[in-house]
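Here's the structure we're looking at; comments come further down.
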Amino acid sequence: MTRRPAHAQVRALRRGEISSRELLDLHLARIDADPLYAVVTRDDDAARAAARKADDRRAAGTSTGILDGLPMTIKDSFETAGLRTTSGAEDLADHIPARDAVAVARLRHQGAVIMGKTNTPAYCQDLHTDNPLFGRTLNPHDPERTTGGSSGGPAAAVAAHLTPADLGSDLAGSLRLPAHYCGVHGLRPTLGLVPARGHIPRPPGRLTSSDMLTPGPPAPWPATPATSPFSSKP
């Protein structure tokens, strides 16, 4: 199941083929066994609580959104309420935000289950993913090769099937290059389509969005109209 793309995992949840708790545990087990240093901060207890709520909603027929119950990770540059957010920088090693980045809040609103945070170079300012806090993220196809940056952690985690999807970010190839190097798809949406407020840099807690930066997803492969979870078909 963990090797299936995000849209297929969502469909399996909708059809009752697997519960959110079961799907979460499968991904956490892969993260436990993985040597890539792609997922750098975990939130197992909160993720299990969110998965349990998703299962309860689905059983009651009150599913909250198109991602309801899907486990996923978030690049460590996006603020996550109550969960350490460092952007790979030593001076933010203990930074625990009070609120979610807007994009993260919208994912939660659609029912996404946040498992943890993925690695990035300090302040997203390198074309390789390495930092003093967590070290270097390894390319899942060849550890001697780079994952690229700055969304190397998200791309490696998706390529290694640690997560079905991640929220990365792109300014000058920060998502597209790692996606290419790790053999997955990376999308830079139209500027302004996905809110960037709560991304570091800018400074933590700032209420404005980063100039020219665009949040976007890496994924194993995109959904077609026939397989998309956005479809109205069951």
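The values are calculated or read from the model by the stated rules, or taken from the named source; none is laboratory data. Bear in mind the structure is a predicted one, so any value in this text is a computation, not a measurement. Cβ sites come from the backbone with ideal geometry, for glycine too, and all protein chains shown count toward neighbours. All accessible areas refer to the heavy atoms of the entire protein, side chains included, with ligands and DNA or RNA removed. Shrake-Rupley method; radii C 1.70, N 1.55, O 1.52, S 1.80 Å.
A compact table of results
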| read-out | value |
| --- | --- |
| Count of residues meeting criterion [assigned to a helix (DSSP H, G or I) and either among the hydroxyl-bearing types (Ser, Thr, Tyr) or in contact (Cβ under 8 Å) with a residue 12 or more places away in the chain (or both)] in the stretch 26-55 | 14 |
| Residue selected from the stretch 86-115 under the condition of a type in the set (Val, Ile, Thr) and under 13 Å from the mean Cα position of the chain (by Cα), by the criterion farthest from Ala29 (Cα to Cα) | Val104 |
| Residue, surrounded by the fewest Cβ atoms within 10 Å (Cβ to Cβ), within the stretch 56-82, restricted to residues that are among the charged types (D, E, K, R) and outside any helix (DSSP H, G or I) | Asp68 |
| Residues (assigned to a loop (DSSP other than H, G, I, E, B) and either touching a strand residue (DSSP E or B) at 6+ places or on another chain (Cβ under 9 Å) or open to solvent by 60 Å² or more (accessible area, probe 1.4 Å) (or both)) located in the stretch 83-96 | Arg84, Thr85, Thr86, Ser87, Gly88, Ala89, Asp94, Ile96 |
| Selection within the stretch 57-76 - farther than 19 Å from Ala219 by Cα, among the hydroxyl-bearing types (Ser, Thr, Tyr) and in contact (Cβ under 8 Å) with a residue 40 or more places away in the chain | Ser63, Thr64 |
| Residues being part of a loop (DSSP other than H, G, I, E, B) and surrounded by 14 or more Cβ atoms within 10 Å (Cβ to Cβ) - total across the stretch 184-217 | 17 |
| Yes/no for Ala105 being aliphatic (A, V, I, L, M) and assigned to a helix (DSSP H, G or I) | yes |
| Residue in the stretch 97-119 that is most open to solvent (accessible area, probe 1.4 Å), counting only those that are under 16 Å from Pro71 (Cα atoms) and among the small types (Gly, Ala, Ser) | Ala105 |
| Candidate set from the stretch 14-25 (those that are without any contact (Cβ under 8 Å) to a residue 40 or more places away in the chain and of a type in the set (D, E, K, R)); member that is farthest from Ala89 (Cα to Cα) | Glu17 |
| Only one of Gly148, Gly111 that is part of a loop (DSSP other than H, G, I, E, B) and farther than 27 Å from Lys53 by Cβ | Gly148 |
